[in-house]
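Below: the structure, in structure tokens.
The values are calculated or read from the model by the stated rules, or taken from the named source; none is laboratory data. On a predicted model such as this, the values are computed, not experimentally measured, just so you know. In this analysis, Cβ positions are derived from the backbone assuming ideal geometry, glycine residues included, and neighbour counts consider all displayed protein chains. Just the protein is used for accessible areas: all its heavy atoms, side chains included, with ligands, DNA and RNA removed. Shrake-Rupley method; radii C 1.70, N 1.55, O 1.52, S 1.80 Å.
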Amino acid sequence: MRVVIKVGTSTLTHSTGRLNIRRAETLCKVLSDIKNAGHEVVLVSSGAIGMGVGKLKLQSRPQDMPGKQAAAAVGQCELMYVYDKLFSEYNHTAAQILLTGEDMRDEKRHGNFANTMLRLLEWGAIPVINENDTVATDEIAVGDNDTLSALVAASVKADLLVLLSDIDGLYTADPRTHADAALIPEVAELTPAILAAAGGRGSALGTGGMATKLTAASLCMEAGVDMIIMNGSRPAALYDVLAGEAVGTRFIGRK
Ligand code: GLU
């Protein structure tokens, strides 16, 4: 299987913005093992801004554009250092790809991206993708990595996109405020009721929330790619996903 895995800032870092070392180590170990089992792995990783905040010892995530861009420049460096180190421990090779929305829309640039991706996969590398935050102002940005990962999954014709989040999946209501909210295991169509269930924003350090995840689901379903939202706190659950077990919420791609 060709699998794209997206990991969010809240999964990768503590609330301080500092790296969650145990989580990052487990994630890279599981992804390496999945690769050893013969699957192709593409990682879309957030965390540049969050890790920049931690490394620069800023009190909070900057709100202005130059602040976010500067924090991302510091954090992206740290992020790739961590992936390079951890994947190397398991004999795998990480490759950094930084993209903007413009790169995905422009035919020529998109073609360059697709060609590079295919060659990296052929060579057995693990592409690690993030938005190019230091140049991606609002007009040219994708804006969030849920959507970016769906564009990537569609582009490389992945079999599956997995969004690792700080929530178990899509619920009938916000489980943080509704005790009776129930997990929805499978979504074959984005009905108004499903879209209504997704309101609200995510964590203090990340960008996404359920709304961007449903945008990603819509892009994937349209492109015929299955997508799963699951909790990233236990990366080993990815083994269950690849074994075909029901984990989190699965959105069924149109076949
Ligand atoms: N590109 C951003 C970062 O690395 C994250 C965007 C997102 O979390 O969706 O910090």
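Can you list the helices (runs of 4 or more DSSP H) found entirely within the range 67-174 that contain at least 2 residues being farther than 25 Å from Thr26 by Cβ and open to solvent by 60 Å² or more (accessible area, probe 1.4 Å)?
Output list reads 101-105, 107-122.
Please specify each residue of the range 71-87 satisfying the condition of being in contact (Cβ under 8 Å) with a residue 60 or more places away in the chain and more than 9 Å from the ligand (Cβ to nearest atom).
Ala73, Val82, Leu86
Please determine, by comparing only the residues of the range 1-60 that are within 13 Å of the ligand (Cβ to nearest atom) and hydroxyl-bearing (Ser, Thr, Tyr), which one is surrounded by the most Cβ atoms within 10 Å (Cβ to Cβ).
The residue in question is Ser46.
Which members of the range 223-240 meet the condition of being more than 14 Å from Val7 (Cβ to Cβ) and out of contact with any helix residue (DSSP H, G or I) (no Cβ under 8 Å at 6 or more places or on another chain)?
Passing the criteria: Gly224, Asp240.
Among (1) closer than 25 Å to Ala37 by Cβ; (2) open to solvent by 30 Å² or more (accessible area, probe 1.4 Å); (3) modelled with pLDDT under 95, there is one condition Leu190 misses while meeting the rest; what is its number?
Of the numbered conditions (1) closer than 25 Å to Ala37 by Cβ; (2) open to solvent by 30 Å² or more (accessible area, probe 1.4 Å); (3) modelled with pLDDT under 95, the odd one out for Leu190 is (1).
Which residue is farthest from the ligand (Cβ to nearest atom), if the candidates are limited to the range 121-145 and must be closer than 23 Å to Met210 by Cβ and over 14 Å from the mean Cα position of the chain (by Cα)? Steps first, answer last, please.
Looking only at the range 121-145, we keep the residues that are closer than 23 Å to Met210 by Cβ, and these are 129-131, 133, 136, 138, 141-145.
Those left that are additionally over 14 Å from the mean Cα position of the chain (by Cα): 133, 136, 138, 141.
Details: Asp133: 5, Ala136: 8, Asp138: 13, Ala141: 9 Å.
The selected residue is Asp138.
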